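Only one structure is covered here, and it is reproduced in the block below.
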Amino acid sequence: MDDFRKLVDIMERLRAEGGCEWDRAQSHASLRQYLLEETHEVLDAINRKEPELLCEELGDLMIQILFHAQIAKENGEFDITDVVSSISKKMVRRHPHVFSDATADTPEAVSIQWDHIKKTLENKKHASLIGGVPRKFPSLLRASKLTKKAARAGFDWENTGQVMEKVEEELGELKEAISLKDPKAMEHELGDLLFAIVNIGRFLNVNPEVALIAANVRFEKRFQKMEKIAAESGSSIETSDFATLDRFWEMAKKASTE
């Protein structure tokens with residue numbers, strides 16, 4: 001706790017008169033982009049499976065939390081002690097099977113209990129059953145959260161096969177919009193297709209945002225490997241025909257460890 005208290009004091013010093021002018025100029029709103037960036041850097045460190053990098057990035061993310069808490073303290077709203085106290089109470093409240101006499105002996109039972117506690121004790125401020133999902137969330141993540149809430153309310157398919165049928169239906173509607181060359185309809189149907197695919201992820205217990213982040217990393221690495229293969233063969237990506245590029249791509253995939 002001494003190190004944590006020291007870090008809190010450092011943030012307070014940076015924001016104080018005579019501290020850092022950049023830090024002093026920040027607000028909750030101006031820090032939003034950095035909170036998002038640091039969160040994605042933590043995700044990248046997890047994907048890289050590099051503990052030292054993850055430790056560093058978690059520290060950077062923690063700074064963002066302390067930053068917001070210090071600004072709130074200066075505004076007379078709350079401080080980091082209130083943040084820690086609030087989350088401590090919430091964690092105890094949401095784990096009665098650990099801190100009280102409730103029973104939940106499987107991950108599924110814990111999840112059901114968690115949802116019940118959130119719904120009965122913590123979700124009264126939202127008029128809608130699917131309320132409380134921030135619009136600033138990445139679109140895939142927000143779609144996943146919205147559909148989970150709708151499913152808890154009973155609005156859901158019964159099995160993965162039904163969701164796959166929905167994906168195929170939406171793909172057919174997108175193909176029709178493409179054949180009509182209707183830009184607005186294509187955008188609409190592409191959105192519906194992506195939304196349906198998010199539901200596949202939910203049924204498979206796969207976070208679509210995390211899955212796409214990993215897919216982006218794989219594509220980047222394979223494309224860079226493909227560029228290297230092309231250069232070693234005396235070719236270039238820009239001047240090669242599609243058949244050659246496809247061959248390079250397959251070679252890059254085979255050489256990839258991911």
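The values are calculated or read from the model by the stated rules, or taken from the named source; none is laboratory data. Given the structure is predicted, the values throughout are model-derived calculations rather than measurements. Glycine also receives a Cβ, built like all others from the backbone with ideal geometry; neighbour counts cover every protein chain displayed.
Residue check: is residue 113 among the polar types (S, T, N, Q), within 20 Å of the chain's Cα centre (by Cα) and not in a loop (DSSP other than H, G, I, E, B)?
So residue 113 does not fit the description; no.
Counting only residues that are surrounded by fewer than 17 Cβ atoms within 10 Å (Cβ to Cβ) and part of a helix (DSSP H, G or I), how many does the stretch 72-86 have?
Of the residues in the stretch 72-86, 8 are surrounded by fewer than 17 Cβ atoms within 10 Å (Cβ to Cβ) and part of a helix (DSSP H, G or I).
Quick one: would you say residue 257 is loosely packed, with under 15 Cβ neighbours inside 10 Å, farther than 30 Å from residue 159 by Cβ, modelled with pLDDT of 90 or more and polar (S, T, N, Q)?
Considered against the rule, which asks whether it is loosely packed, with under 15 Cβ neighbours inside 10 Å, farther than 30 Å from residue 159 by Cβ, modelled with pLDDT of 90 or more and polar (S, T, N, Q), residue 257 comes out as no.
Find the residue count for the stretch 206-258, including only residues that are outside any helix (DSSP H, G or I) and not aliphatic (A, V, I, L, M).
Residues that pass the stated criteria total 12.
Would you check if there is a residue in the stretch 198-215 being at negative phi, free of Cβ contacts under 8 Å to residues at least 24 places away in the same chain and over 19 Å from the mean Cα position of the chain (by Cα)?
No, the stretch 198-215 contains no residue that is at negative phi, free of Cβ contacts under 8 Å to residues at least 24 places away in the same chain and over 19 Å from the mean Cα position of the chain (by Cα).
Could you check how many residues of the stretch 88-109 are of a type outside the set (D, E, K, R), closer than 21 Å to residue 148 by Cβ and in contact with a helix residue (DSSP H, G or I) (Cβ under 7 Å, 6 or more places away or on another chain)? So that I can check it myself, show each step before the final result.
To start, the set of residues in the stretch 88-109 that are of a type outside the set (D, E, K, R) comprises 88, 91-92, 95-100, 102-104, 106-107, 109.
Going one step further and asking which of them are closer than 21 Å to residue 148 by Cβ, we end up with 91, 95, 104, 106-107, 109.
Among the residues that remain, those that are also in contact with a helix residue (DSSP H, G or I) (Cβ under 7 Å, 6 or more places away or on another chain) are: 104.
Matching residues across the stretch 88-109 total 1.
Is it true that residue 89 is within 27 Å of residue 210 (Cα to Cα), in a helix (DSSP H, G or I) and not aromatic (Phe, Trp, Tyr)?
no
Only one residue in 161, 131 is modelled with pLDDT of 80 or more and assigned to a loop (DSSP other than H, G, I, E, B), so which one is that?
131
Please give the number of the condition residue 239 fails out of (1) out of contact with any Ser or Thr (no Cβ under 6 Å at 6 or more places or on another chain); (2) closer than 30 Å to residue 140 by Cα.
Here residue 239 clears every test but (2).
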